[in-house]
Amino acid sequence: MSGAWTAAPPAERSSCGTWPRGWQAGRCDDERAAGDQVQAAVGIPLLHLGDATAQAVSRTGLATVGLLGTAFTMEQDFYRDRLTSHGLQVLVPPADDRAEVHRIICEELCLGVVREESRQAYRDAIVRLVQAGTEGVVLGCTEIELLISDTESPVPVFPTTRLHVEAAVDASLATRSNV
C-alpha cells in the first residue's frame with residue numbers, strides 16, 4: 001500500500017485533497033494509512049482524519065472509543081495508532097461483528113442499499129462494544145452515517161467525514177485570518 005502511494009506520479013500525490021492556503025486533507029483509507037508519506041511528498045501540513053477525530057473525542061472528555069469501518073480500517077493499526085497517540089483507548093468489535101460491519105458497507109451501503117436489518121446489526125455491534133467498555137463510537141467510514149446517528153446509539157457517535165470537513169474549514173479559516 002505505502003509502496004503504491006510512493007510509486008504514484010508526483011502530480012497525483014500533490015493533488016490528493018489539497019485545500020486552500022496550503023493545507024491538505026486526505027480523503028481515503030490509503031491516504032490516511034500513508035499520512036506521513038503523503039505529507040512528506042507534498043511538503044504542506046496534512047490535516048489527518050485521525051487527528052481531527054481524536055480531538056473531537058477528547059473535547060467530550062471520553063477516553064475509550066469503539067471503531068467501526070471497513071475491515072481495513074478496523075484491523076490495521078494506522079487508524080487505531082493515530083487515535084491512541086492522542087491518549088484514547090480504541091476497541092474494535094469481535095471478528096464476527098467486524099465481518100458483518102464490513103459486509104454491510106461493501107455489499108449494501110456502497111451500493112445505496114439501506115436495510116433496517118443492517119441498522120439493527122450495527123446497533124447490536126455498538127451495544128457489544130459498550131459492554132466491553134466503549135464510551136463513544138467512531139464511525140470510520142462515510143457510509144455508516146446512512147445507518148447510524150446519535151439517535152441509534154446508546155453512546156455518542158463521531159462521524160469522521162463530518163469531523164474532518166469541520167476541521168478542514170476551521171484550519172482554512174484560521175490560516176486565512178493569519179494572512
> VAL114 to ALA174: extension gain in nm, 0.36 nm per residue of separation minus the Cα-Cα distance?
Replying inline: 17.8 nm
>> Please compute the modelled spin-label separation between VAL165 and THR151, points set 7 Å along Cα→Cβ, answer in nm with one decimal.
In response: 1.9 nm
> What trypsin sites (Lys or Arg not before Pro) does segment 80-179 have in DSSP loop regions with at most 14 other beta carbons within 10 Å?
Replying inline: ARG115
> Applying the Karplus parametrisation 6.51 cos²θ - 1.76 cosθ + 1.60 with θ = phi - 60° to the phi angles of segment 112-118, what ³J(HN,Hα) value in whole Hz is obtained for each residue in order, glycine and proline being reported as x?
Replying inline: x, 9, 10, 10, 4, 4, 6
>> I'd like the FRET efficiency for HIS86 and ARG123, computed as 1/(1 + (r/R0)^6) with the beta carbon distance as r and R0 of 30 Å, rounded to 0.05.
In response: 0.65
> Can you list residues whose amide H is under 5 Å from GLN89's amide H, if they're 5+ apart or on another chain and H is modeled 1.01 Å from N?
Replying inline: THR64, VAL65
>> Report the gain in length on full extension from GLU107 to ARG59: 0.36 nm times residue separation, minus Cα-Cα distance, nm rounded to one decimal.
In response: 13.9 nm
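Only the coordinates and a few stated rules stand behind these numbers; no lab work does. Keep in mind it's a predicted model, so treat the numbers as computed, not measured. Because the Cβ atoms are built from the backbone with ideal geometry, glycine has one as well, and the counts that use them run over all protein chains shown.
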